[in-house]
1. If a/c stays under 1.5 just call it rounded; otherwise compare a/b with b/c (prolate if a/b is bigger, oblate if not). Do that for segment 216-355, with a ≥ b ≥ c from the square roots of the Cα gyration tensor eigenvalues.
2. Compute the angle between helix 293-308 and the longest alpha-carbon principal axis of the chain, please, reported from 0 to 90 degrees and rounded to the nearest 10.
3. Whenever you get a sec, line up T275, T92, T233 from highest to lowest accessible area (probe 1.4 Å, protein heavy atoms).
4. I'd like the Karplus ³J(HN,Hα) series for segment 402-407: coefficients 6.51, -1.76, 1.60, θ = phi - 60°, whole numbers in Hz, and an x wherever there's a Gly or Pro.
5. Please give the solvent-accessible surface of R237 in Å², to the nearest 10, using a probe radius of 1.4 Å with every protein chain present.
6. Output needed for the chain: three equivalent-ellipsoid semi-axes, defined as square roots of 5 times the C-alpha gyration tensor eigenvalues, in descending order, whole Å.
7. Please give the Cα centre distance for segment 341-390 versus segment 273-292, rounded to the nearest Å.
8. Please arrange Y428, Y461, Y369, Y444 by accessible surface area, largest first, computed with a 1.4 Å probe and ligands excluded.
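The values are calculated or read from the model by the stated rules, or taken from the named source; none is laboratory data. Please read all numbers here as calculations on a predicted model, not as lab measurements. Note that each Cβ is placed from the backbone with ideal geometry, even for glycine, and that neighbours are counted across all protein chains shown. Ligands, DNA and RNA are stripped out before the accessible areas are found, and what is left, the full protein with its side chains, is counted by its heavy atoms. Shrake-Rupley method; radii C 1.70, N 1.55, O 1.52, S 1.80 Å.
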Amino acid sequence: MTPEEMQTVLDRQKAAHLRDGAPSAEQRIERIDRCIGLLVDYRGQIEEAVNADFGARSRDATAFTDVASSIGTLKHAKAHLKGWMRDEKRKTTPAILGLFGAKAEVRFQPKGVVGVISPWNFPVNLTFTPLAGVLAAGNRAMIKPSEYTPATSELMARMFGSVFSPEEIAVVVGGPDVGQAFAGLAFDHLVFTGATAIARHVMKAAAENLTPLTLELGGKSPVILGRSADLKTAAARIMNGKTLNAGQICLAPDYALIPADKMSAFVDEARSAVTHMFPTLKDNPDYTAIVSQRHYDRIQGYIDEARAGGAQVIELKPEGEDLSQQEHRRIAPTLIIDPTDDMKVMREEIFGPVLPVKGYATMDEAVGYVNSHDRPLGLYYFGEDAGERERVLSGTTSGGVTVNDVVFHVAQENLPFGGVGPSGMGSYHGVDGFREFSHRKAIYTQIKNDIGPLKALRPPYGAGIAKYLAGAIGR
């Protein structure tokens, strides 16, 4: 689609929004129902398309992460949007005006047309999940899915086109040039999920129109393993988060800080957990491939550099299984023990099944290490020590936190999901998504009668304003 064609679609959606006005709760629910129907009806085709794009990806994992989780988010919005839509009553200032009949309220108004730029790692989920909030808030949407998953992007274009008019939801497919032009359109709001480096370009393009943004990025989300943690359970949960989608998750644990004297035991438990989940890797349909050769080479480069730099590299794979000769781009779950901070694996978001593990002596050292780096999208603390837990929660800043597991806070519909600083801005999910994609219009209704105190605030000024100022100015 050319920039001119995209602009035409946007113009049509904006005109339709003005023509039709804010949709009723029933209309919003009906649109959400159409989305749920698409996910149910196209489940098999979604699994096939995502598998084709990745080269190898578990159909069960796709059904769980892309289909079922999206349906859950849409159903939550459907069940609650009537309550979210209610005007919010506020107290008047000064309060005495309220006693005379003045009113203050917040009305949640659709912004209009929301652009959604979705990524390749969970191409369906990260399209439909923000869309739940977009539609619940009464907006229309234009969607630009990733060029890295072309089969899935084309499928979504057909899916939406089968039940939505272009005035409601339109899908724009294409490469980076199309994405850049898309980001430069004058949306009423724009959602971008992806890499921080690309987000800078998106933000610059959006700035030309002062388009408000929600940026869901990533960064290096740390794990802090406390001494009181159950090592076996922690290792199993960490490695599950690191191997789901082969670590190609914005919230995947990016590195782990482990008490130095527990390092060996953690490695053993991590190996045991991976062996239990994946008795074999090479031809295992449950183990996902890396999405492209470029990303495969990038991740392999991290491993090679760390090994050449003297770090201990531990591949968690069955003995004798050679992944160098394979049909797909699978990389074994890999631990890199005590890498130096100048290594790329410690400077760049990994987005793959590689986990650097660093030892620490004290919790203050671990917290200090996290705080010496960019604020991450997620942080994970394992342990039963309440004081230590609070030390981590209050002493660090991240988009969100999961305690005694990884990633799970993103699944909570009643919690906002988003980053902070380099890991993102804004948040969505549940009521927070509804509010993110709504204009919160402040409405004040003045009292009918023109009483003395109101008149005293107008010229010519006299004793009335002097009395008011005497009370208002002071400690």
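1. rounded
2. 60
3. The residues order as T275, T233, T92, largest area first.
4. 10, 9, 6, 5, 10, 6
5. The value for R237 is about 100 Å².
6. Numbers: eigenvalues 407, 186, 71 Å².
Value: 45, 30, 19 Å, ordered largest first.
7. Using only Cα atoms, the two centres lie 25 Å from each other.
8. Details: Y428 5, Y461 145, Y369 35, Y444 105 Å².
Accessible-area ranking of Y428, Y461, Y369, Y444, largest first: Y461, Y444, Y369, Y428.
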